[in-house]
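> This is the structure, below, for whatever I ask next.
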Amino acid sequence: MATCYRYRMSQSLAKILVHTVFSTKERRPFLQERTVREEMHRYLGGILSKLDCQPIIVGGVEDHVHLLCAFSRTCQASEMVKEVKRGSSLWIKTKRADVQEFSWQNGFGIFSIGFSQVPAVKRYIVGQEEHHKTITYQDEFRTLLKRYEIEYDERYVWD
């Protein structure tokens, strides 16, 4: 007779890695100044931490950001992005008088990645300045949508 072993799992565990991308409204270069951009990236990482979404790297250029993080087991994608955008918009407006019109685009892209992809995605985010010498944000975003086989309607992607 076979012996049956029962194991109890006392907690729910997860490590879901996501690469999130979104731009400023109308891709306005609000983050053109390097010090402002770097401070924004740190602030975005802080919001992710408060949401219990471990930031791995935050980067980008003057008109958009890339977030690579590990979701908490209770996090929902849309809620995470909503809180990151809301908190960072409020924060930057208190820091600088010249960005009172700052806002993020309404939409976003969020892509699941495997653990083995982390080094490549980190390199990609670190290389954003060089990358965007030859490609626009819109073309980059279209490429990501195609890579992840996401169907989209061009009329509703940009704002």
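> Once the piece of chain linking R42 and Q100 is laid out straight, how much longer is it, given 0.36 nm per residue of separation minus the C-alpha distance between them?
18.9 nm
> What percent do you get for the relative contact order of region 49-159 when only Cα pairs under 8 Å and 6+ apart count?
Contact order relative to length: 27 percent.
> Now for a different question. In region 105-153, which GluC sites (Glu not before Pro) are in a loop and have at most 10 other Cβ atoms within 10 Å, using DSSP for the loop call?
Taking region 105-153 and a limit of 10 other Cβ atoms within 10 Å, the loop GluC sites (Glu not before Pro) found are E149, E151.
> Would you order D52, D98 from fewest to most other beta-carbon atoms within 10 Å of each residue's own beta-carbon? The partial results should precede the final answer.
Working: D52 13, D98 9.
With the sparsest Cβ surroundings first, the list reads D98, D52.
> Also, I was wondering about something else. Residue by residue, what Karplus-based ³J(HN,Hα) values in Hz, rounded to whole numbers, does region 45-59 have, using 6.51, -1.76 and 1.60 with θ = phi - 60° and x for Gly and Pro?
In residue order, the calculated couplings are x, x, 5, 4, 4, 5, 7, 6, 10, 4, x, 9, 7, 10, x Hz.
> Counting only other residues whose beta carbon sits under 14 Å from that of H19, what net charge do I get with K and R as +1, D and E as -1?
Residues close to H19 contribute a combined charge of +2.
> Would you calculate the convex hull of the Cα atoms in the chain and tell me its volume per residue in Å³?
Looking at the chain, the number lands at 141 Å³ per residue.
Values in this text are rule-based calculations from the coordinates and carry no lab data. No experiment lies behind these values; they were computed from the predicted model shown. As a convention, Cβ positions derive from the backbone with ideal geometry for all residues, glycine included, and neighbour counts pool all protein chains shown.
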